[in-house]
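Have a look at the structure below, then the notes.
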Amino acid sequence: MKLRLVKGQRFRPYGRAAQRSSKDRNMYRTKQVFKRMGQVLALQTALISAGPALAELEIARDLMEAGEFEQARHALWPAARSGNAEAEELIGVMYAMGLGVEQDFERAFDWYLRSAMKGHPGAQSGVAWYYELGLGMPAPDLTRAYMWYVLSAIGNDPDAMISQEEVVKKMTKEQIEKAHVLIDDYRVWLYPFR
């Protein structure tokens, strides 16, 4: 195959580009354009669908700051029921502190756990704290408390490192080793790229 260099064209004596005809190159470019258009459309769809959920969260936060906790809970409810980790964590806070609802440590723990399993660092610290103190459960579990504090620290929760250092002081060597096994199991699932 003889290659000719046309003025303004880059010389590529190897690879697919050198072997394609102009019709093939145009077809390839068209496919690339449609592929990029599909990616942009998917991103726009995701942003549009996330828009109402983000607006609901902002409205709920404003209501919480104004002390209107029952209305805030109603504003958060649709997002939380559809799996929004931020909304789930805020509902957990409401149950933990009795804001607009009757204080219920078990329900608070359940909401924190839902959010924590989705990678929300604040909720992970909440779960760790509940395990550390034994709130909403039969007894404290320092192994799981330490595990959740470490995972929360990986997620960049600012208080998690301090809490992790405090809870490790109360643990045996065996508990720490067991916690590290659990951390390794959860880390690849919650934070696959960290």
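Every number in this text was worked out from the coordinates using simple rules, so none of it is lab data. Here the structure is a predicted model, which is why all the values come from computation and not from measurement. Every residue, glycine as well, gets a Cβ built from its backbone with ideal geometry; the counts of neighbours run over all protein chains shown.
For the reader, a short list of remarks on this structure follows.
- Inter-centroid distance (Cα atoms) of the range 55-92 relative to the range 114-170, Å: 23 Å
- Computed from label points 7 Å out along Cα-Cβ, the spacing between ASP62 and ASP159 is 2.7 nm.
- Summarising the label geometry, the points placed 7 Å from Cα in the beta-carbon direction at MET171 and MET117 lie 2.2 nm from one another.
- Coordinate range along principal axes, alpha carbons of the range 61-194, Å, largest first: 47, 33, 22
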